[in-house]
Every structure is written in structure tokens, then in C-alpha cells.
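A short worksheet on the structure shown next.
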Amino acid sequence: MPIFDDYYTFSALRSLIASHTITVSEVVTQLLKRIQEQQDLNAFVNVYDNQITENAVVMDQKIRAKKAKALAGMVIGLKDMICYKDHPLHAGSKILTNYISPFHATVTERLLAADALIIGHQNCDEFGMGSSSENAHFGTVLNPLDKTRVAGGSSGGSAAAVKAKMCHVSIGTDTGGSVRQPASFCGLVGLKPSYGRISRHGLVAYASSFDTAGILAHTVEDCARVLGIIAGPDEWDDTTYPKQVPDYLNELNKSGRYRIAYLEETLSNDGLQSEIKEQTIKALNLLKKEGHQIDSIHFRLLKYALPTYYILVNAEASTNLARFDGMRYGFRSSNATTLEEVYTKTRTEGFSKEVKKRIMLGTFVLSASQCAKHYIKASKVRNLIKQEMQKILSNHDFIILPTTTATAFRVNSFANNPLAMYWSDLYTVLASVAGLPAISLPNGVDNKNLPIGIQVIGNSFEEEKLLAFSHHFENIMACQ
Ligand code: GLN
């Protein structure tokens, strides 16, 4: 029997299944073994081993009967922010203890309808708030490439699981970089589609005007395959884009000569790790050699992106998290005697310090005396950033920038300096503020052999072009 290491991408696995070299049951057995052997990574919160083992048998029968759908044999992990009917969901928080999801997220429903198998829920920062998966009720996720370092966040468990070959693909959520940054820290492909491309129905809300589901995979092809299944309009989410979803796989090999902009300020930033700067410039030069036009653009609003992001997401989070009151979901404090105590003690004991800090900041920026000064002002700056990005993209096909300012950092690096951790999101929040699709692709390694990510931002709802270009970039890098 072939060993899993040789077919960890779904494209490789499909042909083995088609040629009856391997069964889905054998694949699942090997994946479960890898999860068992690598528990120290802390990638999973729950593994649905019995259920997936049974479902794999059914899938093999379906394949033999030639009734299987597009994702038959693909094993997927869900971030602990995505509803899977009749399964626990915690959003990485104590406050959802004992909560069982009564319905499927649209994403989950579509994956299952396409015959994907779900292996478990993956560890993450509480409510997606963090950049390292250290702010997780279930403990820190470790990077499979160097266990003294973080896997990134907030979808850290999802990135670690794909990298450590515990599943083929993970579905994460990305509000300000939570799919792209862990993908970059673990040497994977991480796609955040345009806001509205994938339904948010059944995703735990952090900041509703920023939240997107995203995909972590080894290859652009696997990403495209999954996006084609989960994207598209949904009656449960009015913000979904109504138009038909293109055939991403079919478009993957389309090529072109593109106009690419890079943002001068992202490369001249003193805080940028030198090897990331070098690798980004090297990639731009390679693209130039391939015949693409590379233009340097000034983006003076860059320094406002992060404050704008953190004011707005905290404001939205403070209202979204109001529903966790000890009445409707999961945990309720056992020390409360009055109604008011139920609310206050449940929230005091159920949320972590970081989440409480953000709720308070969000409440502050929305308060009557502060709203115009902070929330309204940030909303206006968000519009300016959006317009400026759209202006660049009206003359260019893509914007390229590093995914992160540094490679995976050591566990506990920012324990005493949370603001420095926020600054590490500088390059990912840009596409989130503007609602644009963005992908992180592996772009070599630093001198410690840690992966570097490069980010490509495209025009709204042009994921097919973004994916085709990313596939082209992947091929160029493979020839290096
Ligand atoms: N690190 C960012 C934050 O804490 C992004 C998180 C995310 O995308 N969910 O807000």
C-alpha cells in the first residue's frame, strides 16, 4: 500500500483511488494514525474517528458503484468556528463548553454534498482573535516544522493539520489574515476569497463585515477544487455574491501577461525581516523575466490600515459576542444567584482576557461620546483604503506584497507585548479592510529554513484569475 506521504494532495490521491491502488478507508486509517502520533501539535480539538471510519467504508462503496461526487476521498478539517450539525463547536472558547451545533454551516453542507469526509474540528484562537493560536482555550498549536514556534493564527490548528498531513485540506476563517498568515508560517497555500464569495452562514461571527471562510491546502489546485464547491450564493446569507461561480479548475491553466503592482511602503518598512524582503524582490524579478509588467506604487495609507482594522473589528465583535450571555449557548457560571450575576459571571469566567479586552475596546469606540471620533472615522478611512486599492486594481491585475513581516515566531514571543503581535498583521489586514480576494503562496525559506509567504491580491470576485496566476507562480517556483 502506498504511504500517505506520497499522496497528500488530493490531485495525487484521486488518481490512486481511480486506479484502485488505494481505498478511502486505507487513507483515513493512515490519517487517523498521523493525528494520533502528532498529538503534541495540538492541532485538533475534536477528532471524529469512529464516524469518519464508517463514512469511509460507505464512500468506497459509492466509488465502486461509480456514484461518487467531486470530492470523494478528500479528507477535510474544519476550524473550530464552523458548524457541523450534531457536533461540538467551541470557537476556541470556554464560553461554548458543551455546545452542540444544531445545523450545518453552508460550507459544511456543500462539502458533504460533494462527498468530502470531515475528520474533525481544529484548534484556533478564541473567536478567531489572535495571530498565533496561543489565545486558545484548548492550548497553543505548535508549528510542525519547528515545534518551538507557533503555527500562526487564528486558524493555526488548520494549518498545522494540513502541513503535518493529517488531512488534505482545512477550512479556516479569515477576518484579517487568519488563513493567509498561518498558511505562510507553515509553508502552505492559503486563500481568503472576496467578501461575499462564500456564505458565512454557520460560521461563528467575529467581525461580520470582514469575516470570510478560507481554504488551506498544499496546492493551488486543491484550493481551486474546494472553492468551486463551497463558493456561491446562499439564501441564508444575503451578503453572498449572486452571480454564478466560475469553473476554477478549468480556468487554472489560463495564462496571460499581467500588470502587477507592488507597494513601495511594504518593502521599505524597517520592521520587515530582510530575507522576506529579498525573497519578495526575487519573486518580482522572476515574474518580470516571465514577461509580466511590474510597477512600483506608493500606498501612503498603509500605516492607517491596522488602526482602522482593529477599531472596526473590535466594534463589530463587541456586538457579535453580546449573544454569549449564559442563557442561549454553552457555558453558564455556577456561582451566580441573580440574573445580572448570570450575565456578568458567565462572561467574566467564560471569555479570555484578550476577548474581554476587545469587547471593552469595541464598546468604547461605539459609545455615544466616542463613536464619531473612532468608529465613524475608521469607517471613513476604510472607504479611502478601499478606493485607493480599487484605483490600483483598475490599472493592474494584481497587487503583490509579503504575507507577513516575519516568519513563524517562537511560542510566547508576544506574551508581554500584544500590540507588537497586532502589528504583525499589517500586510494581511489590507485585503480584509478592502474586502478583496487574497492568497498566500510559499515563497522560499529564511536562513532558519522557515517558510516565507508572498501575498497576491486580486480584484473583487476575480478568484479564477487570482488562482490561475497563483498556479503559474507555483510552477515558476517549482522550476527554481
Ligand atoms: N490577527 C487578526 C485579529 O486578531 C486576524 C484574525 C482573523 O483573521 N480571524 O484580529
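Ignoring ligands, DNA and RNA, what accessible area per residue does segment 248-348 give at 1.4 Å, in Å²?
Details: 5400 Å² over 101 residues.
For segment 248-348, the per-residue accessible area is 53 Å².
When DSSP beta bridges are limited to those with both residues in the chain, what percentage is antiparallel, rounded to the nearest 5?
In the chain, approximately 65 percent of DSSP beta bridges are antiparallel ones.
Relative contact order for the chain: what percent, with Cα pairs under 8 Å and sequence separation of 6 or more?
Once divided by the residue count of the chain, the mean separation gives 17 percent.
Could you give the DSSP H helices of the chain that reach 18 angstrom or more along their long axis (alpha carbon positions) and whose average Kyte-Doolittle hydropathy is no lower than 0.0?
Passing helices, by number: 24-37, 302-320, 353-366.
Over all directions, average the projected area of the Cα convex hull of segment 308-376 and note it in nm².
Details: hull surface 20.0 nm².
Convex hull of Cα atoms, orientation-averaged projection: 5.0 nm².
Using only the Cα atoms of segment 380-432, build the gyration tensor, take square roots of its eigenvalues as a ≥ b ≥ c, and label the shape rounded, prolate or oblate: rounded if a/c is under 1.5, else prolate if a/b is larger than b/c, else oblate.
oblate
Report, in whole Å, the centroid distance computed from the Cα atoms of segment 117-190 and segment 216-266.
The distance from the Cα centre of segment 117-190 to that of segment 216-266 comes to 21 Å.
Exceeding 20 Å between C-alpha atoms, which entries from my cross-link table qualify? They are Lys356/Lys377; Lys94/Lys356; Lys288/Lys391. Display every interim value, and only then the final one.
Working: Lys356/Lys377 23 Å; Lys94/Lys356 13 Å; Lys288/Lys391 22 Å.
Those over the limit are Lys356/Lys377; Lys288/Lys391.
What are the GluC sites (Glu not before Pro) within segment 217-259 that DSSP puts in a loop, where the Cβ has at most 14 other Cβ atoms within 10 Å? Can you show the working numbers first?
On the way: sites: Glu221, Glu235, Glu251; in loops: Glu235.
Filter output for segment 217-259: Glu235.
For a distance above 22 Å, tell me the whole-number percent of Cα pairs in segment 151-290 that qualify.
49 percent
At a Cα cut-off below 19 Å, give the aspartates and glutamates reachable from Lys289, other chains included and same-chain residues fewer than 8 away excluded.
Lys289 reaches Glu278, Asp397, Glu474.
Looking at segment 196-274, which trypsin sites (Lys or Arg not before Pro) are in a loop (DSSP not H, G, I, E or B) and have at most 14 other Cβ atoms within 10 Å?
Passing sites in segment 196-274 are Lys243, Lys254, Arg257.
Could you give the dipole magnitude of segment 371-410 about its Cα centre, charging the beta-carbon of Lys and Arg +1 and that of Asp and Glu -1, in debye to the nearest 20?
It works out to roughly 320 debye.
Would you tell me the accessible area of Thr140, worked out with a 1.4 angstrom probe on the heavy atoms of the protein chains, in Å² to the nearest 10?
Only protein atoms counted, so the area is about 40 Å².
Just going by the charge dipole of segment 196-323, with Lys and Arg at +1 and Asp and Glu at -1 on Cβ, which of Thr319, Ala205, Tyr258 is farthest out on the positive end?
Checking the options against the dipole of segment 196-323, the answer is Tyr258.
Counting only heavy atoms of the protein chains, get the accessible area per residue of segment 106-222 (1.4 Å probe) and round it to a whole Å² value.
15 Å²
Under the definition of Cα pairs under 8 Å and six or more residues apart, what whole-number percent is the relative contact order of segment 24-166? Don't jump to the answer; show the numbers that get you there.
Values: 294 pairs, mean separation 39.2, N = 143.
Reported relative contact order: 27 percent.
Pairs Lys192/Lys345; Lys85/Lys357; Lys165/Lys243; Lys79/Lys165; Lys147/Lys357: which exceed 27 Å Cα-Cα?
Too far apart for the 27 Å limit: Lys192/Lys345; Lys85/Lys357; Lys165/Lys243; Lys147/Lys357.
Starting from segment 57-98, pick out the trypsin sites (Lys or Arg not before Pro) whose DSSP state is loop and whose Cβ has at most 15 other Cβ atoms within 10 Å. Write down the numbers at each step before the final one.
Numbers: sites: Lys62, Arg64, Lys66, Lys67, Lys69, Lys79, Lys85, Lys94; in loops: Lys66, Lys67, Lys69, Lys85.
When the trypsin sites (Lys or Arg not before Pro) of segment 57-98 are filtered for loop state and at most 15 Cβ neighbours within 10 Å, Lys66, Lys67, Lys69, Lys85 remain.
Give me the dipole magnitude in Debye, nearest 20, for segment 406-480 about the Cα centre, with unit charges on the beta carbon: positive for Lys and Arg, negative for Asp and Glu.
With only Lys, Arg, Asp and Glu charged at Cβ, the dipole is about 300 debye.
For segment 87-169, which whole-number percentage of the solvent-accessible area (1.4 Å probe, protein heavy atoms only) is attributable to carbon and sulfur atoms? Before the final figure, lay out each step's value.
Details: 1010 of 1840 Å².
It is 55 percent, rounded to a whole number.
How large is the direction-averaged shadow of the alpha-carbon convex hull of the chain, in nm²?
Convex hull of Cα atoms, orientation-averaged projection: 22.2 nm².
So for the chain, taking the charge dipole from beta-carbon charges (+1 Lys/Arg, -1 Asp/Glu), which of Ser25, Gly444, Pro307 sits furthest toward the positive end?
My answer, from the dipole projection, is Pro307.
The values are calculated or read from the model by the stated rules, or taken from the named source; none is laboratory data. Predicted, not measured: the structure shown is a model, and the values here were computed from it. Please note: Cβ atoms are built from the backbone with ideal geometry, for glycine as well, and neighbour counts cover all protein chains shown. Note: areas computed on protein heavy atoms with side chains; ligands, DNA, RNA excluded. Shrake-Rupley method; radii C 1.70, N 1.55, O 1.52, S 1.80 Å.
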